[in-house]
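To keep things clear, I will list the structure first and then write my remarks on it.
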């Protein structure tokens with residue numbers, strides 16, 4: 001039986017491209033999304049290429065939808081080989097201008113959604129004594145950035161959560177963990193992030209405005225003038241995800257571009273793939 005993959009956030013962008021690449025590479029893909037009415041493009045690809053992809057509804061902020069999808073997969077395949085936590089949402093506002101509701105939302109989608117999905121599949125993988133969990137994080141999970149403190153905090157949380165799991169679950173139950181860390185991605189994710197930033201009148205006045213304008217101007221300049229590509233396509237990131245999925249000995253963490261590598265160098269230079277630190281933690285505690 002071919003290996004299967006459960007992946008979240010597949011209506012567009014990285015999740016969409018990853019689902020197609022994985023299916024083309026011989027995986028059975030369970031492509032999930034919050035709103036299956038947005039599955040038309042993926043359905044067209046499935047039909048055109050006869051891809052082994054099944055679309056299921058999952059809202060990562062609702063545990064029952066995750067449990068329902070896992071039940072469907074187990075009834076059909078009796079196993080889950082790979083979980084790819086891709087669902088997420090961009091967010092950029094200052095701490096002062098972020099509401100309690102927004103704080104909870106960005107944390108729920110970007111961090112607790114990952115926890116819920118892992119919590120749902122971990123008992124299955126533990127019983128199998130096999131599995132691979134891949135969390136799509138960000139360079140923002142390693143390096144804090146202006147106006148992105150809540151998004152970065154959620155991604156930092158995913159990084160710490162994954163690193164902790166890898167320190168004891170991997171050896172005990174043969175479950176691998178990986179974190180894929182893109183820089184900027186030119187997808188609807190970016191448009192969504194902009195929609196939820198302080199651009200919409202929030203910073204039309206006030207002391208943060210000059211800093212924000214400088215930040216936005218710098219983003220534009222870096223994207224247009226940098227010799228290294230700042231913004232990757234969703235397909236380029238999906239190709240890295242496929243490589244990690246195929247790897248029998250996958251890295252704990254991997255950046256998806258040279259720009260992302262350089263950006264995080266001060267954090268990663270002594271331990272690029274994260275395995276050295278995890279091994280030291282194992283030696284210290286286990």
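The values are calculated or read from the model by the stated rules, or taken from the named source; none is laboratory data. None of these values were measured; they are calculated from a predicted model. Neighbour counts run over all protein chains shown; Cβ positions are idealised from the backbone, glycine included.
If you take the residues in region 160-199 that are over 13 Å from residue 133 (Cβ atoms) and modelled with pLDDT of 95 or more, which one is surrounded by the fewest Cβ atoms within 10 Å (Cβ to Cβ)? Taking the candidates together, the pick is 172. Hey, could you check region 118-150 for residues that are over 12 Å from the mean Cα position of the chain (by Cα) and touching a residue at least 60 places away in the same chain (Cβ under 8 Å) and say which is surrounded by the fewest Cβ atoms within 10 Å (Cβ to Cβ)? By that ranking, first place goes to 146.
Table: residues versus (1) part of a helix (DSSP H, G or I); (2) under 16 Å from residue 136 (Cβ atoms); (3) within 18 Å of the chain's Cα centre (by Cα).
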residue: 237; (1), (2), (3): yes, yes, yes
residue: 250; (1), (2), (3): no, yes, yes
residue: 254; (1), (2), (3): no, yes, yes
residue: 278; (1), (2), (3): yes, no, no
residue: 282; (1), (2), (3): yes, no, no
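Yes/no per residue for (1) outside any loop (DSSP other than H, G, I, E, B); (2) more than 17 Å from residue 8 (Cα to Cα):
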{"residue": "69", "(1), (2)": "yes, no"}
{"residue": "90", "(1), (2)": "no, no"}
{"residue": "94", "(1), (2)": "no, yes"}
{"residue": "108", "(1), (2)": "yes, no"}
{"residue": "112", "(1), (2)": "yes, no"}
{"residue": "116", "(1), (2)": "yes, no"}
{"residue": "134", "(1), (2)": "yes, no"}
{"residue": "156", "(1), (2)": "yes, yes"}
{"residue": "163", "(1), (2)": "yes, yes"}
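Scanning region 251-265 for residues that are touching a residue at least 40 places away in the same chain (Cβ under 8 Å) and farther than 25 Å from residue 12 by Cβ returns 251, 252, 264.
Residues that are more than 26 Å from residue 111 (Cα to Cα) and in contact with a strand residue (DSSP E or B) (Cβ under 8 Å, 6 or more places away or on another chain) within region 29-44 comprise just one, 43.
Scanning region 77-87 for residues that are assigned to a loop (DSSP other than H, G, I, E, B), closer than 13 Å to residue 117 by Cα and in contact with a strand residue (DSSP E or B) (Cβ under 7 Å, 6 or more places away or on another chain) turns up 80, 86.
Could you check, for region 141-154, whether at least one of its residues is modelled with pLDDT of 95 or more, more than 26 Å from residue 212 (Cβ to Cβ) and outside any helix (DSSP H, G or I)? Scanning region 141-154, I find no residue that is modelled with pLDDT of 95 or more, more than 26 Å from residue 212 (Cβ to Cβ) and outside any helix (DSSP H, G or I), so the answer is no.
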